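Working notes, structure below.
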Amino acid sequence: MQPARNELDEPLGQNGQPSPPPSRGLLSIAIFLTLCALAAVSVAGVVVLREGNSPIPLALVLPNAKSGLQIAASEKQKPEPDKPGDVKPSEFRFSTTAFTAPTLGAQDYRKFIVVRDPAEAGQDLRVAHLPDRSLIEQSELGPLPVRAADGRRPFDVYARPWSGARGARIAIVIGGLGISQTGTQEAIKRLPPEITLAFAPLGNSLARWMQEARHDGHEIIMQVPLEPVGYPSTNPGRYTLLTTARPDKNITNLRWVLGRTTNYTGVMNYMGGRFTADRKAMDLLFDELGRRGLLYFDDGTSARSVAEKVALAKGVPFVAGDAVIDQERERGAILKKLDELERIARAKGFAVGSGIALDATVEAVSIWAAEIRKRGIELVPISAVANDPERGEGG
């Protein structure tokens, strides 16, 4: 008499049949590994594109670091690995065959087509308040964001997950966090986690507030003070980047701002009407953002800004704001601006608004956000509407 059949004890796909002899199992594994290798080679052959008569190098990484299965191939000769910001070569192993990945400088990632397991991007929200050490460069100015050795960017890792649906979407950025302790606490507590929070570099206890915001699920960005029209009569404060400053001075000020906290996906302008209109000044800023794998959000207050053109040229993820929601600091006026964003989102697929952490703004956004889903619009983090030249994606 045969024992009763228990489907839970049967291996998937075996239909209750006896397991094959060990020799057949080894043969199956060998065939599987061979097919994987052939598939990788096939992908490399298909994906490599040409620029004129020169092939674009391909960096193929499968599937992720956790599995220990990674393959890298390139047609480009390895550059020298000792330049600042370069990623040292790493050895990837697949079974008994080893491949050496090319040494990649910050600009090289724009020249490579990189295939990664999507599971590698994004951070588990349960540990979102903890920095990823592979994305930190320790410096005298603080913990600076940097690309990981495998090319992951803070923009990828610290982005808040969202549905990925292509319906109407709205992203809201609320800035000025860290200036008022009470206001910061209220904004983090009352605003839904889909709202992106922007920290002022001259704020207090930024590490503490970053951890609280990330623990509650918010995506965060840093505000960078940029030279406005009318400077110095209108002054964003210390560490402002100026069109007339030496490049090394602007880089030092920028890195001071970037080192104030961690776990953010990018930066946004604080003022900057004059700076964002200066191509040379913006080239310097975007070279640094691109090297570090950060997004740039332009709040849209200056019609002369060249940020979008420079972002495309430098391969920096970019978002342009459609409206400042609290130029009139009264709840009814703010709600009207939010209604305007809904109309924009329905017309073009998404809309982006920004404001500051005033009581009226936090209250209005909280009320509006509680109703938005009922009207068929998804509230998303700023990274979800970014135009990312590196991945060929846009809002």
Relative contact order for segment 142-385: what percent, with Cα pairs under 8 Å and sequence separation of 6 or more? 28 percent
Please arrange 371, 227, 340, 194 by how many other C-beta atoms lie within 10 Å of their C-beta, fewest to most. 371, 340, 194, 227
The relative contact order of segment 241-395, taking Cα pairs under 8 Å that sit 6 or more residues apart, comes to a percentage of 19 percent
For residue 373 and residue 248, FRET efficiency with R0 = 56 Å and r from the beta-carbon atoms, rounded to 0.05? 0.70
Once amide H atoms are placed 1.01 Å from N in the peptide plane, what residues at a sequence separation of 5 or more from residue 168, or on another chain, have their amide H within under 5 Å of its amide H? 378
Within a 10 angstrom radius of the beta carbon, how do 129, 218 rank from fewest other beta carbons to most? 129, 218
Cα-Cα over 23 Å: which of 314/348; 280/314; 309/337? 314/348; 309/337
Residues 287, 322 in order from fewest to most other beta-carbon atoms within 10 Å are 287, 322
For residue 309 and residue 343 in the same chain, what is the full-extension length gain: residue separation times 0.36 nm, less their Cα-Cα distance, in nm? 9.6 nm
Extent of segment 142-385 along each principal axis, from alpha carbon coordinates, in Å, largest to smallest? 51, 45, 36
Taking amide hydrogens as modeled 1.01 Å from N in the peptide plane, which residues meet the under 5 Å criterion relative to residue 175, leaving out close sequence neighbours? 198, 355, 356, 357
Backbone HN-Hα couplings from phi across segment 151-168 [Karplus 6.51/-1.76/1.60, Hz, Gly and Pro as x]: x, 4, 10, x, 4, 6, 6, 8, 5, 6, x, 9, 5, x, 5, 9, x, 5
Protection proxy ranking, peptides 348-354, 261-267, 241-247, 309-315, average beta carbon neighbours within 10 Å, highest first: 261-267, 348-354, 309-315, 241-247
Scan segment 131-236 for trypsin sites (Lys or Arg not before Pro) in coil per DSSP, keeping those whose Cβ has at most 10 other Cβ atoms within 10 Å, and list them by number. 166
Name the residues whose placed amide hydrogens come within less than 5 Å of the amide hydrogen of residue 266, ignoring near sequence neighbours (fewer than 5 apart) on the same chain. 222, 295
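None of the figures in this text is laboratory data; all of them are computed from the coordinates on show. In this text, all values refer to a predicted model and were calculated from it rather than measured experimentally. Backbone-built Cβ (ideal geometry, glycine too); neighbour counts: all protein chains shown.
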